[in-house]
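Enquirer: One structure, pasted below without further comment.
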Amino acid sequence: MVRLWKWLPGERSTIEQENDVALAIAAVSNAFAVFLIDTFTTIESAVAVFYVIIMLVAADFLSRLGILAAAAMCATLCVTSFFLSHGIDNDLATFLRLVGSLSALIITTALLFKNETSRLALLASHNRTRSSEYRYRSIFKQSGVALWEQDLTALNALLEDLRSNGVVDLCAYSRANPDFSKTCTDAIRTVAVNDAALEILGSITHEQALGPISRFIPHDCPSLFGFVNAFFNGQRRFESKGRIRNFHGEESVILMAVEFPEDQSGLDRIVIGLVDITEREAAQATMMAAQAELARASRASAVGALSASLAHELNQPLGALLMNAQACLRWLNRNPPDLNAAIRAAERTMRDGERASQIVKTTKAMLSRTPIASEKVDLLELVEETRTLLEYEIERQNVSVDLMSPPNLPPANASKSELQQVLINLITNAMQAMEEAGSRVRRISVRLSTSETGFVVMSVSDTGPGLSSEAIENVFEPYFTTKPFGMGMGLAICKSMVESRGGKLSVRNNDNSGATFEIALPVESKGRLTRMYDVPQMVARIG
Ligand code: ADP
């Protein structure tokens, strides 16, 4: 909007407006007076220079446009008066006086114009500062983060004093002067707080929150010293976890963050951001206690799982051992005693005893966390040995065990004793399933092969009833059993053992009858953990 007047409506009080009007009238009448004197008197001097004074007076209430308009008017009056009093024929001195008057007017106008421009720029900058301050204040007030404005000028003076006395290590100084922290908390003063901070400080009023910070921060709080030390060392940022004592004496845990200014100009208003983490800390403590409790429970159930697995694994060799010992006695009690048969039974008894002892050794190795090294296991040899080991049971249950293997089968990378335990479990399960179901044909087929993905595969199929869909889903879960006196640990242990060697154990029902368990083991070491089986993993699965 084009405006001659300097002030915006409403910017001036009534008295000021009246003054401006009076000045305007005075300026106009003075201009007119100067014009009359210049035109109708014979004063031979540059009377027109008085227009300059009028311009200076008018500049007090005129806008930049107004200044230009007034200058144009004065110049017009000056020139008009010149031609009216001297006509067209005039001497050089008179003409130079006119030029001098006009020059003075132009220079004055330029200076006034510049002055008004600077004033407007200053005003705009002031307005920007004001609106930025307003924005900051509204963010400060409405922020959900607790903000605390502190005046650090006294603290700064204190630290400067120490520095000039040669203190360079504030930690050492603080150790030597136990009261130093208290002096610091007394020197830091709160000058403003927002609503969120008031809540942390105990839902108090703004006035109650102002004053020395020592009322809220215990002077022995390490983060307070950290804050002072960071400031002393010229750090730009400081973040720490600390304690705050509210107005009513209750303590909370807070996270504080502050950004120090580059120069000393803003030291009277340093904003500290606070986040109350008391609940989070309490939840964390509860969680850690729960974790410790869980670890204790895990250890307890690991021991349970271990005992169960040990009982399961020892069951078979101990049973066989008993039977072979009984057979040995029977052969000896015969009349005449069959010594050869008794010797064979005694040899079997020894072999079963060795197996039981091997199981105990493996379990001990696992408990002492001694890894059982992987080795190259010849599967054909392993199956033959296992078949001999179980021959008594195989014969007793009238089962045939077939073995099929391609020539040049590569050895598997595994632990032989573990793998034997797995195979014994699978064959024993198959025999039990066929017996329970009263299967007419009782055949177990062990097939060895290689896969294209670098695994040797050993599958154990039977002609039993196969598995129900529920059993297929859960058969490897610890404690899953369908047998009246089963423990449900065998297959869980087998799976852990195979997987700990980087292999896989799976099950499927056969097309005709029975089930097939398949073990795939890597030919090369997969670099996996080589423990007998992973108790924590099993416990997790039990959970
Ligand atoms: P347990 O022998 O103590 O029951 P396992 O983990 O060895 O424990 O076996 C779990 C269950 O899997 C058995 O109770 C049985 O129901 C099922 N199972 C295992 N092997 C066979 C199989 N060859 N045929 C049918 N069911 C089987």
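Bear in mind these aren't lab numbers, they're just calculated from the coordinates by the rules spelled out. A quick note: this is a predicted structure, and the numbers were derived from the prediction, not measured. Glycine also receives a Cβ, built like all others from the backbone with ideal geometry; neighbour counts cover every protein chain displayed.
Enquirer: For LYS504, which aspartates and glutamates qualify as cross-link partners when the Cα separation must be under 16 Å and same-chain residues fewer than eight apart are set aside?
Expert: Reachable aspartates and glutamates: GLU418, GLU452, GLU473, GLU477, GLU518, GLU524, ASP534.
Enquirer: Okay, next question. Counting every Cα pair in segment 414-520, what percent are over 18 Å apart?
Expert: Values: 2617 of 5671 pairs.
Of all Cα-Cα distances in segment 414-520, 46 percent exceed 18 Å.
Enquirer: Here's another thing I want to ask about it. Once phi is turned into θ = phi - 60°, what whole-Hz ³J(HN,Hα) does the Karplus curve with 6.51, -1.76 and 1.60 give for every residue of segment 252-266, x standing for Gly and Pro?
Expert: Computed from phi, the couplings for segment 252-266 are 9, 9, 10, 9, 10, 9, 9, 10, 7, x, 5, 10, 8, 5, x Hz.
Enquirer: Identify the residues of segment 235-268 with backbone N under 18 Å of a label point that sits 7 angstrom from the Cα of THR153 along the Cα-to-Cβ direction, or state none.
Expert: Only 261-268 pass the distance filter.
Enquirer: Which number comes out as Rg/Rh for segment 402-468 once both Rg and the Kirkwood Rh are worked out on C-alpha atoms?
Expert: Values: Rg = 13.7 Å, Rh = 13.3 Å.
Dividing the radius of gyration by the Kirkwood radius yields 1.03.
Enquirer: Right, here's the next one. Per q in 0.21 Å⁻¹, report the Debye log10 I(q)/I(0) for segment 15-65, using one uniform scatterer on each alpha carbon and no solvent.
Expert: Results for segment 15-65 at q = 0.21 Å⁻¹ read -0.74.
Enquirer: Could you give me the ³J(HN,Hα) list for segment 92-100, computed from phi with Karplus coefficients 6.51, -1.76, 1.60 and θ = phi - 60°, whole Hz, x at Gly and Pro?
Expert: Couplings: 5, 4, 5, 4, 5, 4, 4, 4, x Hz.
Enquirer: With viscosity set to 1.306 mPa s at 10 °C, what whole-number translational diffusion coefficient in µm²/s follows for segment 1-136 from Stokes-Einstein and a Kirkwood radius over Cα pairs? Each step should come with its number before you reach the end.
Expert: Values: Rh = 16.6 Å.
Calculated translational D: 96 µm²/s.
Enquirer: What net charge is computed for the residues neighbouring LYS483, neighbours being all others with C-beta under 14 Å from the C-beta of LYS483, Lys and Arg scored +1, Asp and Glu -1? Write out the running numbers ahead of the final one.
Expert: On the way: positive: none; negative: GLU435, GLU436.
Summing Lys and Arg as +1 and Asp and Glu as -1 gives -2.
Enquirer: Follow-up. State the extension gain, in nm to one decimal, for the chain segment bounded by GLU391 and THR129, taking 0.36 nm per residue of separation less the distance between their alpha-carbons.
Expert: Working: separation 262, 0.36 × 262 = 94.32 nm, distance 9.70 nm.
Full-extension gain reported as 84.6 nm.
Enquirer: If you take the Cα atoms of the chain, find Rg, then find the Kirkwood Rh from the mean of 1/r over all pairs, what is Rg/Rh? Could you put the intermediate results ahead of the total?
Expert: On the way: Rg = 50.9 Å, Rh = 34.6 Å.
Answer for the chain: 1.47.
Enquirer: If one puts a single equal scatterer on every Cα of segment 57-168 and applies the Debye formula without solvent, what log₁₀ I(q)/I(0) results at q = 0.13, 0.15 Å⁻¹?
Expert: -0.75, -0.85
Enquirer: Using only Cα atoms and rounding to the nearest 10 degrees, what angle (0 to 90) does helix 379-389 make with the longest principal axis of the chain?
Expert: 50 degrees
Enquirer: Could you pull out every residue, at least 5 positions away or on a different chain, whose amide H is within less than 5 Å of the one on ARG442? Hs are placed 1.01 Å off N in the peptide plane, and Pro or chain starts have none.
Expert: The answer is SER400.
Enquirer: Please list, or write none, the aspartates and glutamates whose alpha carbon is within less than 12 Å of the alpha carbon of LYS241, excluding same-chain residues fewer than 8 places away.
Expert: Partners within reach: ASP276, GLU281.
Enquirer: Restricting to segment 326-465, compute how many DSSP beta bridges are antiparallel as a %, nearest 5. Don't skip to the answer; put the middle values down first.
Expert: Details: 9 of 14 bridges.
The answer is about 65 percent antiparallel.
Enquirer: Spin-label point model (7 Å from Cα, Cβ direction): what's the ALA290 to SER451 distance in nm?
Expert: Using points 7 Å along Cα→Cβ, the separation is 3.9 nm.
Enquirer: Could I ask something else about it? Enumerate the calculated ³J(HN,Hα) couplings along segment 26-43 in order (Karplus 6.51 cos²θ - 1.76 cosθ + 1.60, θ = phi - 60°), each rounded to whole Hz, writing x wherever the residue is Gly or Pro.
Expert: Along segment 26-43, the couplings run 4, 5, 5, 5, 5, 4, 5, 4, 4, 4, 5, 4, 5, 8, 10, 10, 10, 5 Hz.
Enquirer: Under the rule of at least 5 residues apart or a separate chain, name every residue whose amide H is placed under 5 Å from the amide H of LEU62.
Expert: Placed amide hydrogens put LYS6 under 5 Å from LEU62.
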